[in-house]
Number of protein chains: 2
Amino acid sequence: MSNKLFIYNSLTRKKEEFQPLNPPFVGIYVCGPTVYSNPHLGHARANIVFDILFRYLKQLDYRVRYVRNITDVGHLENEETGEGEDKIAKKARQEQLEPMEVVQKYMNTFHKNMLQLNTLEPDIEPRASGHIIEQQEMVKVLLDKGYAYEVNGSVYFDMEKYNREHKYGILSGRVLEELKTNARTLEGQDEKRNSFDFALWKKASPEHIMQWPSPWSDGFPGWHLECSVMSMKYLGDPFDIHGGGMDLQFPHHECEIAQSTAATGRQPVKYWMHNNMITINGQKMARSLNNFITLDELFSGEHKVLEQAYSPMAIRFFILQAHYRSTLDFSNEALYAAQKGLERLMKAVETLAVLQISDSSTVSVSELKDKCYRAMNDDLNTPILISHLFDGVKMINSVNDGKEKIQANDLDDLKNLYNLFVYDVLGLKEVKADEKDDELTGKVIETLLSIRHEAKHNKDWKTADRIRDELGALGIVIKDTKDGASWEKS
Amino acid sequence: MSNKLFIYNSLTRKKEEFQPLNPPFVGIYVCGPTVYSNPHLGHARANIVFDILFRYLKQLDYRVRYVRNITDVGHLENEETGEGEDKIAKKARQEQLEPMEVVQKYMNTFHKNMLQLNTLEPDIEPRASGHIIEQQEMVKVLLDKGYAYEVNGSVYFDMEKYNREHKYGILSGRVLEELKTNARTLEGQDEKRNSFDFALWKKASPEHIMQWPSPWSDGFPGWHLECSVMSMKYLGDPFDIHGGGMDLQFPHHECEIAQSTAATGRQPVKYWMHNNMITINGQKMARSLNNFITLDELFSGEHKVLEQAYSPMAIRFFILQAHYRSTLDFSNEALYAAQKGLERLMKAVETLAVLQISDSSTVSVSELKDKCYRAMNDDLNTPILISHLFDGVKMINSVNDGKEKIQANDLDDLKNLYNLFVYDVLGLKEVKADEKDDELTGKVIETLLSIRHEAKHNKDWKTADRIRDELGALGIVIKDTKDGASWEKS
């Protein structure tokens, strides 16, 4: 498992060696947000997890096309039954806006937050409302092949026929018969042949603002359809990796598989990957459960459960300290610990830049490098990678303290290793917003320290103490050592 | 003209009082970029000009819906004849990317640059490729009404019929007969009834990647169609203001007027507004003329004609120092002057924050305020507004020097005035990226200055000079005055 990438395939329920369909090209499709509210910590996790996949595959020299959609129509309130009001239309009614104003507002916030978290932009970010024709074309194919039926201007997917021929539920393990038993009777379901059939096209009621003409009715596409259509359009059929949150396995991803398989006769995706949930007090963090903390609240600290503000990089580090397939419980303690851990890691990276070289090494950089790759190759195990990087922090500090030695080419390797894994793979960055200003502050402080050094030399203790005290009042602590004074922000 | 907003209507060729169709609501549609290359100074101007309109209308308490489109399909190389390769498809071929990857890449850069220039995000940013059905619906209407005809799967607008009934060219003053004489014969034109007819729907050649099914052919919409369709969809018919660059008057806006008027029987827009061009050596700056400087080049200084880098705010200020209907010639001298002017204005705003109050005023704030509004009400005359703000700078400095006096409520008014016009209306902001760090730098420098003050007091000239010299080396100039020392970045 050492030098080959293995990822856990939700479809086969095991770790498999990653072998793209058409190397060196890799296609990734990830389910993006439904843009009717501000992104919360759960959105951060899904997007950071697949950002790591995207970054690591690029590091491995694959030519990756990363597609992440924006759902701006068709996502109804009750996801399991596919009934209720469109989430965006409802928000538009509440905020007295045109639906596309709601979409624009929350899409902008999503983009802003994702940039703050330093996730790379996807190569294509298609919108559901921008692919109505393509979705109608797929409905036509499914009707032609007998996997769909029209009732009163709406078109539904025929689950029993599909299940007979292809077996429904291969991803989530759900069995169709159980769904039948569990299904409740809800408005609009009476026109379906079976309660578990889902809508491909819904006739719009007159008050429904978002609707388009179609051969069946003025209406809108079913939620599941967009991802089948847009992944196929931009990545082909089949494609390599489909990602998303574990909560999307059923019904969303099952329905995607059913639609695409019915339309093309083959499985649409080689590897399915799912990230686990953020929990809070043991419960999934979700908008529908009303227990979420938005990213803007986390960054500003303005939420009743937050003890302080957390930087986007602290949030990112917090998320990466758990493996993506484990649940991750929110707590102030865990976030604070992540923040401190990140600071320690970044301080070591700074130390690394000024390490002294020796004629020989007493440390093994190649071993560390090998461990880092092995962690990532084992289903993107970022917490293990981070623990190896912290072993490296000890190494760096030991060399800095003179307890260990490192020779020039090993030091180069070590710098490259940290650049690669800290910045390129984990996507961390300096918390400082403006390095130039920080640099100037540093230089001015150095000037003060050298004035103080001279004052001490001249036994002008009053001036020396005054400089120490005034810097202390500004939150800058001076540490005197035998080699002179250094400083840090307290 | 003082307390009512007048804007120049390109349609009537005169300044008119602005009276929205459905107050307090105002709808604005502005032609956005075709996203196949990096935005240049010309894009900055168009977007800043209409950002000012958007900001000022909001200040006047209108409820504004601002729609700016993204052209991601259908914009062909030869704009006058509507022939040639699709600009995005061509770039995709050159860069070996999927067309939507090209779109995403340059759309992201556009958004980044517009945020750097501090333009407000539009309320809705519709994409042409996201409104194919809506465009097809308008083609159907135009066919039904006899204003369009189909040939070999393409649909063209019948200019002669339109001209007979509505007169073509009311915006640009072009006369149809002249267009006929000037038209050259180009590929594909033979199927048109007249060379000046333009495409509403084009049948795609097999190698054309971007195409959609339609009643006429697998093809793509004509460039002009999207703006008629999307403005009507999101702003209604008619709507208040349509903006764009002067180079879009003909043929783009004329064709929009023709399509919409033919479809609905009435003029689509009450006020047409056009910004003038950026010139360089007297020639319009344009991608097609290959004499452009991109915004990223301006911000980094990396272009052969640039003597230095210019901050986004310096660029913004440079653009606002000209009236939007005048041409604006690029030069390093003008940009440098804008940068210095902006610094002077911003320094005065800082001074304003620390002005001392008196029992009475010798300055008239209400008169200044009145002048500022009058400038904006006169067709958004930002250069006049800026000159009034500089008169205010003199006022601020005179009060600061003790030559004039200001009482408390006048000072409040003056602060509000500068907040309103500098930040909210002109959309300027501090150049400093991280004010906190800057603040810390300032405090550390103050500490050094007080150490120096004491050294001078103790006749320790060596230390005093050393502090001055070391700060000088960091680009910080100390100025000694009778009240002590102050500093500024050189």
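The values are calculated or read from the model by the stated rules, or taken from the named source; none is laboratory data. Since we're looking at a predicted model, the values are computed, not measured. Note that we place each Cβ from the backbone using ideal geometry, even for glycine, and neighbour counts take in every protein chain shown.
Taken as a whole, the structure leaves A:P99 outside the set of residues that are facing chain B (nearest Cβ under 8 Å) and not aromatic (F, W, Y). Any chance region B:274-283 includes a residue that's among the aliphatic types (A, V, I, L, M), buried (at least 23 other Cβ atoms within 10 Å of the Cβ) and within 16 Å of the chain's Cα centre (by Cα)? Checked against the condition, which is being among the aliphatic types (A, V, I, L, M), buried (at least 23 other Cβ atoms within 10 Å of the Cβ) and within 16 Å of the chain's Cα centre (by Cα), region B:274-283 yields at least one hit. All of A:T362, A:T463 fail the test of being within 11 Å of chain B (Cβ to nearest Cβ) and either part of a loop (DSSP other than H, G, I, E, B) or surrounded by 15 or more Cβ atoms within 10 Å (Cβ to Cβ) (or both), apart from A:T463. Just for region B:466-490: of the residues that are more than 11 Å from chain A (Cβ to nearest Cβ) and among the acidic types (D, E), which one is farthest from A:K462 (Cα to Cα)? Residue satisfying both the conditions and the ranking: B:E488.
Pairs linking a residue in region B:48-77 that is not assigned by TED's automatic domain parsing to the domain that holds B:N118 and in a strand (DSSP E or B) to a residue that is surrounded by 24 or more Cβ atoms within 10 Å (Cβ to Cβ) and not aromatic (F, W, Y), with Cβ atoms under 6 Å and 6 or more positions apart or on different chains, do not occur. Run down B:R55, B:R63 and say which single residue is touching a strand residue (DSSP E or B) at 6+ places or on another chain (Cβ under 8 Å) and at pLDDT 95 or above. B:R63 is the lone residue from the list that is touching a strand residue (DSSP E or B) at 6+ places or on another chain (Cβ under 8 Å) and at pLDDT 95 or above. Scan region A:202-244 for residues that are surrounded by fewer than 24 Cβ atoms within 10 Å (Cβ to Cβ), of a type in the set (S, T, Y) and either away from chain B (no Cβ under 14 Å) or within 23 Å of the chain's Cα centre (by Cα) (or both) and jot them down. Across region A:202-244, the qualifying residues are A:S205, A:Y234.
Yes/no matrix, rows are residues, columns are (1) of a type in the set (A, V, I, L, M, F, W, C); (2) modelled with pLDDT of 90 or more; (3) within 27 Å of A:F25 (Cβ to Cβ):
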site	(1), (2), (3)
B:G74	no, no, no
B:E77	no, no, no
B:E83	no, no, no
B:I88	yes, no, yes
B:A92	yes, no, yes
B:P99	no, yes, yes
B:Q104	no, yes, yes
B:M107	yes, yes, yes
B:M114	yes, yes, no
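Taking the conditions (1) out of contact with any Leu (no Cβ under 9 Å at 6 or more places or on another chain); (2) surrounded by 14 or more Cβ atoms within 10 Å (Cβ to Cβ); (3) farther than 29 Å from B:R174 by Cβ; (4) not acidic (D, E) in turn, B:L5 satisfies each one other than (1). Taking the criterion of being in contact (Cβ under 8 Å) with a residue 40 or more places away in the chain, within 25 Å of B:D379 (Cα to Cα) and either in contact with a helix residue (DSSP H, G or I) (Cβ under 7 Å, 6 or more places away or on another chain) or surrounded by 24 or more Cβ atoms within 10 Å (Cβ to Cβ) (or both), the residues of region B:249-266 that qualify are B:H252, B:H253, B:I257.
Here's the yes/no breakdown for (1) at pLDDT below 80; (2) in contact with a strand residue (DSSP E or B) (Cβ under 7 Å, 6 or more places away or on another chain); (3) buried (at least 20 other Cβ atoms within 10 Å of the Cβ):
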position	(1), (2), (3)
B:T441	yes, no, yes
B:V444	no, no, yes
B:L474	yes, no, no
B:K482	yes, no, no
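Of all residue pairs spaced 6 or more apart or on separate chains, those with beta-carbon atoms under 6 Å, a first member in region B:320-343 that is surrounded by fewer than 18 Cβ atoms within 10 Å (Cβ to Cβ) and a second member that is not in a helix (DSSP H, G or I) are B:R325/B:N276; B:S326/B:N276; B:T327/B:N276; B:T327/B:M277; B:T327/B:T279; B:D329/B:T279; B:N332/B:E307.
Checked against (1) over 29 Å from B:R325 (Cβ atoms); (2) free of Cβ contacts under 8 Å to residues at least 12 places away in the same chain, B:K394 passes all but condition (1).
Quick grid of which residues meet (1) buried (at least 18 other Cβ atoms within 10 Å of the Cβ); (2) over 26 Å from A:A262 (Cα atoms):
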{"site": "A:Q94", "(1), (2)": "no, yes"}
{"site": "A:M100", "(1), (2)": "yes, yes"}
{"site": "A:E134", "(1), (2)": "yes, no"}
{"site": "A:S154", "(1), (2)": "yes, no"}
{"site": "A:F157", "(1), (2)": "yes, no"}
{"site": "A:R164", "(1), (2)": "no, no"}
{"site": "A:V175", "(1), (2)": "no, no"}
{"site": "A:L179", "(1), (2)": "yes, no"}
{"site": "A:E191", "(1), (2)": "no, no"}
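The set of residues in region B:449-460 that are surrounded by 13 or more Cβ atoms within 10 Å (Cβ to Cβ), among the basic types (K, R) and more than 10 Å from every other protein chain (Cβ to nearest Cβ) contains only B:K456. If you go through region B:117-138 and keep only what is closer than 24 Å to B:F299 by Cα, within 13 Å of chain A (Cβ to nearest Cβ) and in contact (Cβ under 8 Å) with a residue 12 or more places away in the chain, you end up with B:T119, B:L120, B:P122.
Applying the condition of being touching a helix residue (DSSP H, G or I) at 6+ places or on another chain (Cβ under 6 Å) and either farther than 30 Å from A:F25 by Cα or within 14 Å of chain B (Cβ to nearest Cβ) (or both) to region A:55-69 and asking which residue is surrounded by the fewest Cβ atoms within 10 Å (Cβ to Cβ) yields A:V64. Can A:H43 be described as more than 14 Å from chain B (Cβ to nearest Cβ), touching a Pro at 6+ places or on another chain (Cβ under 9 Å) and assigned to a helix (DSSP H, G or I)? Answer is yes for this residue.
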